[in-house]
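The values are calculated or read from the model by the stated rules, or taken from the named source; none is laboratory data. Remember, predicted model here, so these are calculated numbers, not experimental data. Note that we place each Cβ from the backbone using ideal geometry, even for glycine, and neighbour counts take in every protein chain shown.
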Amino acid sequence: MISHRLKDRLIDTGLVGSLALLLVFFYIPIITLVAFSFTSSRVLTLPIEGFSFEWYGELFRKPDFLPAVANSAMVAAVSTVFATILGSAGAIAWIRYRFRLQNAFRLVTFAPLLFPQLLLGVVMLLWFSVLGNWLGFSTGLATVIIGHVVYITPFALVIVAVQVYGFDETLEDAARDAGANGWEVFREVTFPLLWPGIFSAAIFAFLLSWGNFYVSYSLAGTARTLPIFVYSGIAVGSSPIYPALATLNFIPALILVAFGELLRRRALKRQSMPSTEE
Amino acid sequence: MNIEHKTWKDPVLIAVVAPLAIVMLVFFLVPLAMTAVLTFQTTQYYRLVWTWDLKVWTEVFSKPHYWTIIGRTIVMAIVCVVLCLLIAFPTAYALATRLKSYNTQIQIMIVFAFLTDAVLKTFGWILVLDRNGVANWMLGTVGFAPDSLDILFSPAGAMVGMVYNLVVYPMFTLYLSLVRIDRDLLLAAYDSGASRLRTFFEVTLPLSRPGLYSGGVLVFVLSLGAFLEPKVLGGGTSPLASELIRQSFETRVNWPLGAALTIVLISVGALTLALAGLLAMKRSPALRRRAA
């Protein structure tokens, strides 16, 4: 029997170990970037010789850095609003409604998730170019936003759909029994219950848009977002300003992700407590 | 679950469904159709000429060079799928069945790594895989020879980046199927005398098949369009289809050719999806019944 227990112990260690190794794999480039952002030398190889903040200053002195930040922030803010609203509406239609052509609706709203981003960008670029020829506009931040909304909405939809699925509908019935009309039920019961899911979908959408390279790269025309700024920079040659930028990028993202996830989880737990079955 | 049956006369349904449907129609389906139409046009002096011509398609099918690259892209995608599933299965299983009290924290860490700017992470891999980088230093401390890892600017380097950026997808789908497995089924298997290994192969693995399939297909389709990793970590010596498509748009300004290559790649992806769908339906009678 001891060998049996030993085998169990080995399996447990192996599984937990694989997960730990995966986290190491995920965080190796991230931690490396943070470490190299404080180097005092221009060369990005080990050993790191000295400690300095000079590359942060260098980064801010780059003339096209702050405009790229502003562009990214604008694009991410607008895309987040649209993707979250459309995704939430879509999630309700996916899970709670039954209507004609629902399968076609599901297919079309899910398909961008199964599409390589580069091809999504290319396909939309062709369309905007043809359309632009007819109507006299060229690609820029507006087309980037449209591209991001198409790419990100399915992600938001899936996240909100999970919340819609784990939803305690007796609360809605109770509100209806108490005399609330359809809109009042939505405003007072449905929306507050879905809010944690919607909120984490919004955070997800914001960060996906903020870090998006492929779609922006195809659709930005001459405009530059942050990932395009980095890409065109590292294509020319590496410099410690990019690790510095990465480090600045990580801090707010980590806070947002942690906050959103905790909120959503707490709400899911609260909801599933009274009845454990679906 | 409160399911509401709605008709298209209901203004609520239209308000909820129409905006998203229209966005996807106008900015996803129509562009896709447009791309297909463009493959039948030609260019002259870098300008698009509207004709109906099979010139581009004859070029695509007569140049083996294109098919070598597309073939290489498919091989890379298959290798990426295998590696991603091999990594995702044990880790998703561990996440679903072990470490219950740290579950939230680990998931937050994974989500954060996934949501970080891909260009920056890929750049981070250059620093890690460099000859004097972190990976060689780590291998050195365990006793390997210096410079023992030399995969930066090679297909293997690109593969590291692709697996890194895509492994989250099968982890997610596998996790979803693994947490849904009823513990009573496992206990029943143990009670009837099955060993852990036997239970794994006869209960856990079959029940996790939906996650395995959907994760694998997702990685395959998404890696067909990998561009950043081969370009930044692969060194450009063996270009993939995405690079070919980008060149035909940017360098050669040949839109119909770029559109045709895009359609070829999308067709490979769509065929894979359709095959996987058929396979899944064959395996699962429940799905077949729902489709009928």
Which listed residue is out of contact with any Cys (no Cβ under 8 Å at 6 or more places or on another chain), closer than 20 Å to residue B:112 by Cβ and in contact (Cβ under 8 Å) with a residue 24 or more places away in the chain, from A:86, A:23, A:59, A:33 = A:33
Close pairs from the range B:149-168: first more than 9 Å from every other protein chain (Cβ to nearest Cβ) and closer than 12 Å to residue B:219 by Cα, partner assigned to a loop (DSSP other than H, G, I, E, B) and not polar (S, T, N, Q), Cβ under 9 Å, at least 6 apart | B:162/B:226; B:162/B:233; B:165/B:226; B:166/B:226
Among (1) within 8 Å of another protein chain (Cβ to nearest Cβ); (2) without any contact (Cβ under 8 Å) to a residue 40 or more places away in the chain; (3) touching a Pro at 6+ places or on another chain (Cβ under 7 Å), which single condition is residue B:140 missing?
-> (1)
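Of all residues being among the charged types (D, E, K, R) and under 12 Å from residue A:32 (Cβ atoms) in the range B:113-154, which is modelled with the lowest pLDDT? Just the residue, please. So that I can check it myself, show each step before the final result.
Residues of the range B:113-154 that are among the charged types (D, E, K, R), as a first pass: B:117, B:121, B:130-131, B:147, B:150.
Filter once more, so that each one left must be under 12 Å from residue A:32 (Cβ atoms): B:121, B:130.
Values: B:121: 90, B:130: 82.
Checked the range B:113-154; the qualifying residue modelled with the lowest pLDDT is B:130.
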Would you confirm whether any residue within the range B:72-93 is touching a Lys or Arg at 6+ places or on another chain (Cβ under 8 Å) and either more than 30 Å from residue B:110 (Cα to Cα) or crowded, with 17+ Cβ neighbours inside 10 Å (or both)?
-> no
Which fully enclosed helices (runs of 4 or more DSSP H) of the range B:1-113 have 1 or more residues being more than 7 Å from chain A (Cβ to nearest Cβ), out of contact with any Pro (no Cβ under 7 Å at 6 or more places or on another chain) and touching a residue at least 60 places away in the same chain (Cβ under 8 Å)?
-> B:30-38, B:55-62, B:64-97
Residue that is within 11 Å of chain A (Cβ to nearest Cβ) and touching a Phe, Trp or Tyr at 6+ places or on another chain (Cβ under 8 Å), where the choices are B:265, B:228, B:197 | B:228
Checked A:176, A:187, A:106, A:98 against criteria (more than 30 Å from residue A:228 (Cβ to Cβ) and under 25 Å from the mean Cα position of the chain (by Cα)); the one match is A:106
Out of (1) within 26 Å of residue A:243 (Cβ to Cβ); (2) touching a Ser or Thr at 6+ places or on another chain (Cβ under 6 Å); (3) more than 9 Å from chain B (Cβ to nearest Cβ), the odd one out for residue A:83 is which?
-> (1)
Of all residues in the range A:1-31 being under 29 Å from residue B:134 (Cα atoms) and of a type in the set (Gly, Ala, Ser), which is nearest to the other protein chains (Cβ to nearest Cβ)?
-> A:18
